[in-house]
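Down below is the structure, laid out as structure tokens.
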């Protein structure tokens with residue numbers, strides 16, 4: 001199975017690069033696979049970012065996220081990987097991804113990754 005690639009992510013020019021504003025994108029159908037059990041993981045990814053010069057094109061984001069459908073990867077790794085890929089492509093002023101995974105065995109997990117990393121006082 002091919003490794004997910006950020007090359008499918010497309011961008012468009014920010015129509016208001018002189019202004020700070022927030023874009024929130026919710027992806028309620030994210031799936032990957034638990035590398036220990038091989039069971040599917042289901043989650044909702046919520047991206048909130050302030051664009052600089054570029055914005056991410058939504059269909060390409062969907063295609064990018066679908067690449068993880070059969071990947072065996074832990075929640076923490078996939079969330080950080082997605083943030084790294086998005087940051088490298090759109091170079092936002094700031095970006096946060098909250099990955100809320102559905103319950104398995106009565107336990108839920110929510111992973112939050114921020115760019116740039118908050119200082120210890122802000123965490």
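Observations
- Compared with the alpha-carbon gap, the fully stretched path from residue 114 to residue 74 is longer by 12.6 nm at 0.36 nm per residue.
- Cα gyration tensor shape for the range 59-123, rounded if a/c is under 1.5, else prolate or oblate: oblate
- Anisotropy class assigned to the range 36-91 is prolate, per the alpha carbon gyration tensor with a/c at or over the 1.5 cut-off and a/b larger than b/c.
- FRET efficiency for residue 103 and residue 53, using Cβ-Cβ distance with R0 set to 35 Å, rounded to 0.05: 0.30
- Share antiparallel - DSSP beta bridges, the chain, percent rounded to 5: 95 percent
- When the Cα convex hull of the range 6-50 is projected onto planes of every orientation, the mean area is 4.6 nm².
- Averaging over all projection directions, the Cα-based convex hull of the chain occupies 8.2 nm² in the image plane.
Read the figures in this text as sums done on the coordinates, not as results from a lab. A quick note: this is a predicted structure, and the numbers were derived from the prediction, not measured. Neighbour counts run over all protein chains shown; Cβ positions are idealised from the backbone, glycine included.
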